[in-house]
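Asks: Shown below is the structure under consideration.
The values are calculated or read from the model by the stated rules, or taken from the named source; none is laboratory data. Predicted model, so just to flag it, every value in this text is computed and none were measured. Cβ placement follows ideal geometry from the backbone for every residue including glycine, while neighbour counts extend to all protein chains displayed.
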Amino acid sequence: MGILDGKAVVITGAGRGLGEAYAMHAAQAGAAVVVNDVDADLAEQVAEHIRGYGGRAVASTHTVTDPTEAEKIVGMCLTEFGRLDGLVNNAGLNYETLPWEDDPDSVRRTVEVNLLGVIYTGIAAMRVMREQGGGSIVNISSGAFFGQRKLATYAATKGAVASLSTSWALDLETENIRVNAVCPVAHTRMVWKSERSLRAIPADRTPGKVAPLVLFLLSDDAEGITGQIVRCNGRQLHLVGHPYFKQPVLESDTWDTTSVKRVFDGVLQAHLEPFGLEKRMPPRLRELVEPGQTA
């Protein structure tokens, strides 16, 4: 028996890369799979591959960027398999640019797919799951939401997905619907287009090495696990800490610019946070650590 025997799942952006790996592994684990991708040929190829191995799969070419189309993706799962137990919101776009050179059309497309697509498909899925009495949603985020050079728009959408996941987890806890986010690191077509990522991600970190985490979160074995952000790069698996209010918390009846400057020049200066995935230190913090050094 497989870990997903008897379940039906929808996986968006499943025509290649990580989405394809999730779809193939889910089918091998016993799930019936809706393979969604706007590239019809790729979606059908993956579905055919699954069927060739004796699994159950159908291809969906609906776009996640339209709420009506997103509902059709979920509806296909109900029509073909009679239920919906899991959703993997994987469809995504990525590109590198300096922020002052960013193109409004690229920004809009990225937000529509990476964020609105997750929202539209997730809402459609949770409505069905509530009627069924439960389910699991896995949203694909990225460690880029910590901050990454030349990826500001992408990073912003993935940060929003992480926040969305924890908010949904709160809203859906009483509905027996678990919501978690996964930050995968793998060598995919999206990565091949990026010289930065090619240098950072070894070619042996294949999408298939991340898939077991997604399968676990979709399965009943993950009962009681919700609201978590989990990062996996094939070798390493760890939770991502949630933002928190950092000590010291300073109080005053009123704050003016003089008093704000005073606390930043004083006590808060030593508590400034390194920022971005590379943990870049703010110039003031660097001066404290390395006296005499300038930014």
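Asks: Out of segment 43-72, which residues are surrounded by fewer than 19 Cβ atoms within 10 Å (Cβ to Cβ) and either part of a helix (DSSP H, G or I) or at pLDDT below 95 (or both)?
Replies: Residues satisfying the conditions are Glu44, Gln45, Glu48, His49, Arg51, Gly52, Tyr53, Pro67, Thr68, Glu71, Lys72.
Asks: Specify the residue that is surrounded by the fewest Cβ atoms within 10 Å (Cβ to Cβ); the eligible residues are those in segment 205-235 that are modelled with pLDDT of 95 or more and among the polar types (S, T, N, Q).
Replies: Gln228
Asks: Could you tell me which numbered condition Ser136 fails, if it satisfies all but one of (1) surrounded by 24 or more Cβ atoms within 10 Å (Cβ to Cβ); (2) under 26 Å from Asp102 (Cβ atoms)?
Replies: Condition not satisfied by Ser136: (2).
Asks: Can Ala124 be described as in a helix (DSSP H, G or I), under 25 Å from Ala31 (Cα atoms), modelled with pLDDT of 95 or more and of a type outside the set (Ser, Thr, Tyr)?
Replies: Here the answer is yes, as Ala124 does meet what is asked.
Asks: Let me ask something additional. Read through the list (1) part of a loop (DSSP other than H, G, I, E, B); (2) of a type in the set (A, V, I, L, M); (3) in contact with a strand residue (DSSP E or B) (Cβ under 9 Å, 6 or more places away or on another chain), then give the number of the only condition that Met1 fails.
Replies: For Met1, the failing item is (3).
Asks: Go through Ser136, Ser165 for me and flag whichever is assigned to a helix (DSSP H, G or I) and under 13 Å from Val182 (Cβ atoms).
Replies: Exactly one residue qualifies, and that residue is Ser165.
Asks: Let me confirm something: among Val33, Val38, which residue is modelled with pLDDT of 95 or more, among the β-branched types (Val, Ile, Thr) and outside any loop (DSSP other than H, G, I, E, B)?
Replies: Answer to the check: Val33.
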